[in-house]
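The next block holds one structure in the form of structure tokens; read it before the comments.
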Amino acid sequence: MNKHPEKKMVKFLHDHHVLTLATSQKNQPWCANCFYVYLEDENCFVFTSDYDTKHIRDIQEQNMVAGSVVLETHIIGKIQGIQFRGKIYKAENEILKKSKKAYLKKFPVAMLMETTLWVVRLTYLKMTDNRLGFGKKIVWEGEEV
């Protein structure tokens with residue numbers, strides 16, 4: 001198993017900044033859109049959210065999440081996107097330092113907010129890239145965390 005996804009996936013994740021996060025609690029699904037930064041060395045997303053949001057309340061019960069990052073386009077031949085699964089947790093210790101530095105570099109306005117940093121440690125990625133051929137998929141599977 002390769003610890004890191006293919007370079008094409010990594011570049012795509014660096015080039016974008018909004019993910020859709022899917023959570024579930026008591027068999028009721030939910031999704032939220034979040035600004036993120038991708039930490040390549042740790043292979044994780046970092047985003048901010050308050051404890052009182054529905055998606056953060058959901059992860060207190062079930063911390064396995066799924067989601068997507070997509071390129072919005074009407075041109076079928078240019079469609080690209082990544083679907084993901086991972087385990088979410090509050091950023092603490094070393095990962096908090098790295099996360100905060102990277103997040104504030106990408107989103108300096110976050111310095112004005114009082115919020116909590118969260119990490120999604122990725123365990124599965126599937127990229128669709130129609131530029132490589134219609135419906136072309138690239139899959140990466142990591143270790144379960």
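Observations on the model:
- Positive minus negative residues near H14 (Lys, Arg vs Asp, Glu; Cβ under 14 Å): 0
- When the Cα positions of I88, L13, V37 are compared along the charge dipole of the range 1-143, L13 comes out farthest toward the positive end, with charges on each C-beta of Lys, Arg, Asp and Glu.
- The chain - percent relative contact order, Cα under 8 Å, separation 6 or more: 26 percent
- Estimated 222 nm signal from helices in the chain, with DSSP H stretches of n ≥ 4 weighted -39500 (n - 2.57), rounded to 500: -6000 deg cm²/dmol
- Ranked by the mean number of other Cβ atoms within 10 Å per residue, highest first, peptides 115-127, 31-43 order as 115-127, 31-43.
- Links that overshoot a 21 Å alpha carbon limit, given the list K3/K26; K11/K105; K54/K101; K8/K98; K8/K137; K90/K137: K3/K26; K54/K101; K8/K98; K90/K137
- Relative to the longest principal axis of the Cα atoms of the chain, the long axis of helix 93-106 makes an angle of roughly 60 degrees.
- Difference of contour (0.36 nm per residue) and Cα-Cα distance, F107 to Q25: 26.6 nm
- Pair-distance distribution P(r) for the range 36-97, from all Cα-Cα distances in 10 Å bins starting at 0: 17, 44, 28, 10, 1 percent.
- One chain, two ends: V10 and L132. Fully extended at 0.36 nm per residue, the span grows by 42.3 nm beyond their Cα-Cα distance.
- Projected label distance in nm at Y51 and T116, using a 7 Å step from Cα toward the beta-carbon: 0.6 nm
Values in this text are rule-based calculations from the coordinates and carry no lab data. Model, not experiment: these values are computed from the prediction. Glycine also receives a Cβ, built like all others from the backbone with ideal geometry; neighbour counts cover every protein chain displayed.
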